[in-house]
């Protein structure tokens with residue numbers, strides 16, 4: 001079996017064509033991107049406050065495992081997310097996009 005060197009730019013363009021040519025795929029992609037961005041922002045905010053996951057757990061009244069699940073996007077509830085944010089000194093603000 002011969003291997004062929006992939007052209008990353010070409011492959012990325014093909015993937016984008018697939019994603020953005022289908023409305024359902026586009027929506028799923030945008031939701032995934034938003035989820036990843038939220039996870040990254042949560043960790044950045046916690047670190048900006050110089051808090052460990054254990055610190056957040058104690059301040060929020062949740063377990064360290066719950067903090068980890070929230071940051072990994074693994075089944076956090078709205079209630080636990082609000083507790084997490086309160087624990088690091090933040091709140092949620094909704095705005096129309």
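Where a number appears in this text, it was derived from the coordinates with a stated rule and is not lab data. Note that the coordinates shown come from a computational prediction; the quantities given were computed from them, not determined experimentally. For neighbour counting, all protein chains shown are included, and Cβ atoms are generated from backbone atoms with ideal geometry for every residue, glycine included.
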Considering the Cα trace of the range 23-74, what is its radius of gyration and what is Dmax, both in angstroms?
-> 13.4, 43
Helix 78-87 sits at what angle to the longest principal axis of the chain, using alpha carbons and giving 0 to 90 degrees rounded to 10?
-> 60
Any idea what angle helix 8-20 forms with the longest principal axis of the chain, computed on alpha-carbon atoms, 0 to 90 degrees, nearest 10?
-> 70
Please work out the FRET efficiency for the pair residue 97 and residue 17, using the Cβ-Cβ distance as r and a Förster radius of 25 Å; give the result to the nearest 0.05.
-> 0.55
Quick one: which of 85-94, 37-46 comes out on top by average Cβ neighbours within 10 Å, and what's the full order, highest first?
-> 37-46, 85-94
Report, to two decimal places, the Cα Rg of the chain normalised by 2.2 N^0.38 Å (N = number of residues).
-> 1.47
Cβ crowding within 10 Å averaged over residues, with 9-18, 66-75 ranked highest first | 66-75, 9-18
